[in-house]
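J.: Quick one: structure below, then a few questions.
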Amino acid sequence: MSASTPPPPPSAPPVAPPAAGPVQTGSRKSKSFPAQVFDFLSGFGFAVILLSFLFLLTFLGTLAQRNQSLFEVQREYFESDIILWDDLGFPIPLPGVRLLLALLAVNLVLGGIIRIRKRAATFGVIVTHIGMVMLLAAGLVEYVASTKGHMTLYEGDSSAQYQSYFEWEVTVTKVGETRRLSIPGEQFIELDPEGIAVFQHATLPFDLVFGNVGKNTDVLPANQHVAGSDLAVMDGFFLRKLEPNIQAEQDVAGLYFTATAGSGAGAEILDQGLLWGRQRAPHRLEHDGAVWLIDLHRKRFPVPFEIELLDFRKEEHPGTMMAKAFESDVRKTDGGQTQELTISMNEPLRHAGFTFFQASWGPSDAKPGTPLFSTFAVVRNPADSWPLWACYVITFGLLWHFCMKLWKHIQREQGKRERNLGEEA
Amino acid sequence: MTAVVRRMRTRGLWAGLIAAVLLLGAWWSPSALLAESTSPPGTTAQTAMPTWPEGVVEAFRTVPIQQDGRVKPLSTYARYALLEQNGRMTYRTAADVKRTPTEWLLEVLLTPEFAANERTFQVQNDEVLDAIGLAHEGRKKRDRYSFSELFPVRQKLLAKSQEYTQIESKDRTPVEAQVVALANAFFEFDALARFLDPLRAEFPIGDAPELRAIMGGKESVRYSDVVRNIRQVGELWGRLQHERAPDDAELAALDAFVRDLMERGNSPRVLQLLPPEVGTEDEEVWFSIADMLGVGMNTPYPVERTADALAALEGVIDSRGDPMAMTAHAEQFQSILSDLATERGENDTTELEAAYHQGDWFFKAQWLFVLGFLFAGLGWLFPNRTWTGVVMWLTSASGLALVTLGIVQRCIIRSRPPVSTLYETILFITGTAVAAALITEVINRRRIALATSTFLGALGMFLAYRFEMHEAKDTMPNLQAVLDTNFWLSTHVTTVTIGYSAGLFASAMAHVYLIGKMLGGRSGTPVPAVGGNLRWYQQPDMLKSISRMTYGLIAFCLVFSTVGTILGGIWANDSWGRFWGWDPKENGALMICLWAAIILHARMGGFVRDTGIAVMSIVGGLVVGFSWWGVNLLGVGLHSYGFTSGAAFGLKVFYYVELAFLAVVAGHQLIGWLMRRSTGTA
């Protein structure tokens, strides 16, 4: 993955194989500081450190999934730069996987592609490193630019949007207008229990103040309210915050909002209420003769074409409840052109940069004749096919390198045996 | 079955009665068994131990049945039913006669009065008996009990089992889990013991002349006669109900006949034994004996050949004591059912599967590897003897041939690539590790890889045997929908599994290296011979060579693990819509890749040498263990089809042994360093 200039062991033959060995760039004393930094960043030692931390973080992140949702673990371990790991009772700072992967990419490029000796023996190693860089680039593009969610359709239904598994948004719509103001969940979902967030927009004649935000909540009627410990009752209901689910997609966010005319201590309160992720209808706010709809729901993404579910089929192994196959016949309508296709397990539909995967179906307790729905996982990932190309490159590089090494090893062993036979003769 | 039941709803009274019987049948076993007045089959009469003619056993061994969504030989069902009940795949009667699974099943089906008194129910801990209130004074803590002994506590057994079933299986205590397993085995035995009851019965015609005419003038008929003529009986009953007065004698006789039929012609549907005489597109689910009244009455399916098969089975029941006749009836029964299954295109691999289980290739391979390992030990005691090497080669290559034969047969039976279940990973990893060791031996010719191949083979086959014993389930289950892709099973799963085997083989070689070093071998320069006879670790360049092999295997592991892991990501991208999701199983595979990369880079960077590579390779073995088994024990993630229970103990033992070994190595290194330091050679 990189090349460096290790000091030779004092009393043993050099252990580093010459094929992928370091480039000698002169003695360490004569090197400038930037050169030393370059040496470090491109060195085997740095590679080993990064790989070791990556190994450790992967292990810890795997164990953490026993008690935490995958979503939380991903954010804490794999999409962070620094974590404070405190499973032993005291915090230990560790680099997050995002930071480690960024540094690994630097090490790969500097050591494994730029600095490494360019000759026939290192050809496979260089190719492999290029493939690894491609893979990391695919991960980066997916992390930065992809969107993921699901589209659930009953037979006969159609849709041109999908919704996120985890992300939330509050939308504010003026009745009679099609334009909609969206407040992304990342701006309020992580608020402290006592924290508030104020939102203003030029098109809004009022400010919105969010508080008491819960990632996972339930709504209970006022008759179950315990004064002093529960949150305030609004329109006969109150929010109760719950522990996050291990399956984070099952969490239902909730919050209290206040609409005010102007900001500051003297601002007039126009309306107050609670928003819950599973409420059937948006909150209705009347102000200056206009009606506004405020809604909290999972983030929705538009698709530039329409998908209609024509038929959903599930097949079970005979005499069992175990699914053998399930697949959906869909009609795709894009710019007046329609096409009928089948989406099944391992056979997704790819179109216009979006991919639709057969994810699940329901209701799980459906009886014969019960209308079924089909759920598609929908992904928009510009780097969708990059891992496949990276896989080709890495496979070629690794096989080339290690087959060459194996061939040399066989020749060496054969030579030894012939020499031994010669000596015996 | 669902199609049949659906059609029944549209028929008349007769159909309704049959439907009621069918529905009752689904619950028959517990309710009938739990009644206070019920007696176990074995308490009414003691019978002599039956003997089963070879032809009868052979015929029943290959009878096709449908179970858990696939067609398999009756012997496969018997194998796992006996294993679940008895904890072993064979059992010895009270008279110390060894019984195969098929013979045991014949005993339960045909001579339940004998089988009920045989102690075939394994109770692993007498706390299970305390829980269900069965006295066990004078018995061993772990002992076997008969159906008749358990019968008096059947109600408590059911109640406790129902109580413990409410607890999630991973949260049950061992005793709770054993109570549930015992209850399952007990009620399955009961269902089997009563399965052939309709075929044992005679149904008197009574004073019903038209019915007698339909039945060929007989005074009483067997179940097969009824099935053959069921449609005419139904039509007669319907006609007489319209034509005759309610108190008509013939109608009353027919009524009595029908009620008798429904009562005694009903039996538990524990075996789906009878292929529908129509194509699979019409009816996918096979029938049980008690289904046939409903099938004959409520569907247009032909039933004549099924009636012939049932008549043959009645012949088997009736001809006890006449081996020739019994064999003839059994062969006829098997032949009819096989033909029916073949016509449906569902009998392609039944005989092969029966032969596969009878061959027991993996068990035989295990002993070949053990024998080879014994000769490896002898080879170390007598290093210059050629014959030890020859025997090692023969045993290891033969063991590998048997493992390969078994895997190939499984592939043909399942129409799948070699690896699609956790059990198959054990077989494939063992096979590829042994093959890799033999190839290494061809290149290296130092007998180290050869000896290691015998050890890995024996260990792998033992693990496969223990896994099958512990799970006590068919090892060829149907696959979940997401796994129904031979392309990805043959690329991703196979590749990543080869990576596992390379990692474990490297770990094994690292053990050899470190043992050699602790015994006094040196990496690089030869140790002077003592008495002119060099031990294996004293041979010139031996340890260096082992270290090179270990390094090569780590590289091999890196190649296959990396390619396999990326292929897995590409598969996940096609199935679940994301390349990488940090799922535990994915992380486990990534950890193997990372660890192998760490070893290679640490070596290239000069941070570790031969001993360091060996130690890191052993840690690599632990990483493979975590990825292969450990992540399954976490019980989270998308790879739920790989979950297993009960492997935790084995994995802990593996970890403790390996860590103890590494501690010994560290201690040895420390002592060596201190001694060198004290003598000034450090």
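J.: Using θ = phi - 60° and the Karplus form 6.51 cos²θ - 1.76 cosθ + 1.60, what ³J(HN,Hα) does each residue of the stretch B:72-80 get, whole Hz, x for Gly and Pro?
T.: Taking θ as phi minus 60°, the curve returns 8, x, 4, 5, 5, 4, 4, 4, 7 Hz for the stretch B:72-80.
J.: Counting alpha carbon pairs within less than 8 Å and at least 6 residues apart, what relative contact order, in whole percent, applies to chain B? Walk me through the numbers on the way to the answer.
T.: Working: 989 pairs, mean separation 73.5, N = 682.
The normalised contact order for chain B reaches 11 percent.
J.: Starting from 0 in steps of 20 Å, tell me what percent of the Cα-Cα pairs of chain A lands in each bin.
T.: All Cα pairs considered, the percentages come to 18, 40, 30, 11, 2, 0.
J.: How much length, in nm to one decimal, is gained on full extension between B:Leu381 and B:Leu659, taken as 0.36 nm per residue of separation minus their Cα-Cα distance?
T.: 97.3 nm
J.: How shielded is B:604-615 by partner chains, expressed as the average number of their Cβ atoms within 10 Å of its Cβ atoms?
T.: Details: counts 16, 14, 14, 6, 2, 4, 2, 0, 1, 1, 0, 0.
Counting other chains' Cβ atoms within 10 Å and averaging over B:604-615 gives 5.
J.: On a 18 Å Cα-Cα criterion, which of the cross-link pairs A:Lys215/B:Lys585; A:Lys314/A:Lys367; A:Lys148/A:Lys299; A:Lys314/B:Lys473; A:Lys408/B:Lys544 come out too long?
T.: A:Lys215/B:Lys585; A:Lys314/B:Lys473
J.: Compute the separation of the alpha-carbon centres of the stretch B:281-340 and the stretch B:588-639 and state it in Å as a whole number.
T.: Centre-to-centre distance over Cα atoms comes out at 56 Å.
J.: Just how far, in whole angstrom, is the stretch A:181-206 from the stretch B:367-425 if you go by their alpha carbon centroids?
T.: Here the two parts' Cα centres lie 67 Å apart.
J.: When the convex hull of the Cα atoms of chain B is projected onto a plane and the area is averaged over all directions, what value comes out in nm²? Numbers along the way, then the final one.
T.: On the way: hull surface 148.3 nm².
Seen from a random direction, the Cα hull of chain B projects 37.1 nm² on average.
J.: So what's the gap between the Cα centers of the stretch B:113-145 and the stretch A:56-121, to the nearest angstrom?
T.: Here the answer is 54 Å between Cα centres.
J.: If you don't mind, there's one more thing I want to ask. What is the sum of charges around B:Asp248, taking Lys and Arg as +1, Asp and Glu as -1, for the other residues whose C-beta is under 11 Å from the C-beta of B:Asp248?
T.: Working: positive: B:Arg244; negative: B:Asp207, B:Glu243, B:Asp247, B:Glu250, B:Asp255.
So the environment of B:Asp248 carries a net charge of -4.
J.: Determine the sum of side-chain charges near B:Ala201: Lys and Arg each +1, Asp and Glu each -1, restricted to other residues whose C-beta is under 15 angstrom from that of B:Ala201.
T.: Its environment carries a net charge of -2.
J.: Can you bin the stretch B:333-459 into rounded, prolate or oblate? Criterion: square roots of the alpha carbon gyration tensor eigenvalues sorted a ≥ b ≥ c, rounded for a/c under 1.5, prolate for a/b above b/c, oblate for the rest.
T.: Judged from the Cα gyration tensor, the stretch B:333-459 comes out prolate (a/c at least 1.5, a/b above b/c).
J.: Next question, about the same structure. For labels at A:Ala160 and A:Arg417 in the simple 7 Å Cα→Cβ model, what's the distance in nm?
T.: 7.1
J.: For chain B, find the longest principal axis of its Cα atoms and tell me its angle to the long axis of helix B:584-604, 0 to 90°, nearest 10.
T.: In chain B, helix B:584-604 runs at an angle near 20 degrees to the longest axis.
J.: Let me ask something else. A:Leu220 versus A:Asp311, label points 7 Å from Cα toward the beta carbon: distance in nm?
T.: That separation, rounded to one decimal, is 4.9 nm.
J.: When 1/r is averaged over all different Cα pairs and the result inverted, which Kirkwood radius in Å belongs to the protein assembly as shown?
T.: Result for the protein assembly as shown stands at 34.7 Å.
J.: Which FRET efficiency, nearest 0.05, do A:Trp400 and B:Ala213 yield, Cβ-Cβ r, R0 51 Å?
T.: Once rounded, the FRET efficiency stands at 0.05.
J.: Ranking A:His297, B:His601 by Cβ neighbours within 10 Å, fewest first, what do you get?
T.: Working: A:His297 19, B:His601 29.
The order, fewest Cβ neighbours first, is A:His297, B:His601.
J.: Turning to a different aspect of this structure: With the Cα gyration tensor of the stretch B:41-199 in hand, convert its eigenvalues to equivalent ellipsoid semi-axes via √(5λ) and list them largest first in whole Å.
T.: Each semi-axis is √(5λ); the values are 27, 19, 14 Å.
J.: In addition: Multiplying the sequence separation of B:Asp360 and B:Ile167 by 0.36 nm and subtracting their Cα-Cα distance, what value in nm do you get? Please report the intermediate quantities before stating the final value.
T.: Numbers: separation 193, 0.36 × 193 = 69.48 nm, distance 3.60 nm.
The span from B:Asp360 to B:Ile167 would gain 65.9 nm if fully extended.
J.: Could I ask something else about it? Which translational diffusion coefficient, to the nearest whole µm²/s, is obtained for the stretch A:293-425 from the Stokes-Einstein equation, given a Kirkwood hydrodynamic radius over C-alpha pairs, 20 °C and 1.002 mPa s?
T.: 106
J.: Run the quick spin-label model on B:Arg231 and B:Thr342: label points 7 Å from Cα toward the beta carbon, then report their separation in nm to one decimal.
T.: Each label point is offset 7 Å from its Cα along the Cβ direction, giving 2.6 nm.
J.: In sequence order, what are the phi-derived ³J(HN,Hα) couplings for the stretch A:239-252 according to the Karplus relation 6.51 cos²θ - 1.76 cosθ + 1.60 with θ = phi - 60°, rounded to whole Hz, with x for glycine and proline?
T.: 3J(HN,Hα) across the stretch A:239-252, in whole Hz: 8, 10, 7, 10, 5, x, 6, 4, 8, 4, 5, 8, 5, 10.
J.: Give the average, rounded to an integer, of partner chain Cβ atoms located within 10 angstrom of each Cβ in A:57-70.
T.: That average works out to 5.
J.: Sticking with this structure for a sec: With θ taken as phi - 60° and the coefficients 6.51, -1.76 and 1.60, list the Karplus ³J(HN,Hα) couplings across the stretch B:342-352 in order, rounded to whole Hz; mark glycine and proline as x.
T.: So the Karplus estimates, Gly and Pro as x, are 5, 4, 8, x, 10, 10, 5, 10, 4, 5, 5 Hz.
J.: Counting other C-beta atoms within 10 Å, and keeping those with at most 15, which DSSP coil trypsin sites (Lys or Arg not before Pro) do you find in the stretch B:372-431?
T.: Those that pass, being in a loop and sparsely packed, are B:Arg385.
J.: At a threshold of 8 angstrom on Cα-Cα distance, excluding pairs fewer than six apart, so keeping six or more, what relative contact order does the stretch B:79-145 reach in percent?
T.: Details: 72 pairs, mean separation 17.7, N = 67.
RCO, the stretch B:79-145: 26 percent.
J.: Taking only Cα atoms, what is the 0 to 90° angle, nearest 10, from helix B:386-414's long axis to the longest principal axis of chain B?
T.: Taking the Cα atoms of chain B, the angle to B:386-414 is about 40 degrees.
J.: Separate question: What area, in nm² and to one decimal, does the C-alpha convex hull of the stretch A:222-361 cast on average over all directions? Provide the component values of the computation, followed by the final result.
T.: Working: hull surface 62.7 nm².
The Cα convex hull of the stretch A:222-361, projected and averaged over all directions, gives 15.7 nm².
J.: Still on this model: Between A:Asp81 and A:His287, what is 0.36 nm times their sequence separation minus the Cα-Cα distance? Round to one decimal in nm.
T.: Full-extension gain reported as 69.7 nm.
J.: For B:Asp68, B:Asp583, what ranking results if the residue with the fewest other Cβ atoms within 10 Å of its Cβ goes first?
T.: B:Asp68, B:Asp583
J.: Further, regarding this structure: Looking at chain B, identify the longest residue range that excludes and avoids all GluC sites (Glu not before Pro) in DSSP loops having at most 14 other Cβ atoms within 10 Å.
T.: Details: sites that count: B:Glu36, B:Glu137, B:Glu168, B:Glu202, B:Glu219, B:Glu281.
The reported range is B:282-682.
J.: Counting other C-beta atoms within 10 Å, and keeping those with at most 12, which DSSP coil chymotrypsin sites (Phe, Trp or Tyr not before Pro) do you find in the stretch A:254-306?
T.: none
J.: Tell me what chain B gives for mean residue ellipticity at 222 nm when only DSSP H runs of n ≥ 4 count, each as -39,500 (n - 2.57), the sum divided by the residue total, rounded to 500 deg cm²/dmol.
T.: That comes out to -21000 deg cm²/dmol.
J.: Counting only trypsin sites (Lys or Arg not before Pro) that sit in a DSSP loop (anything but H, G, I, E, B) with at most 16 other Cβ atoms within 10 Å, what is the longest stretch of chain A containing none of them?
T.: The answer is A:281-425.
Taken together, the values in this text are just the output of simple stated rules run on the coordinates, not laboratory data. Everything quoted here is computed from the prediction, not taken from an experiment. FYI the Cβ positions are ideal-geometry reconstructions off the backbone, even for glycines, and counts take in every protein chain you see.
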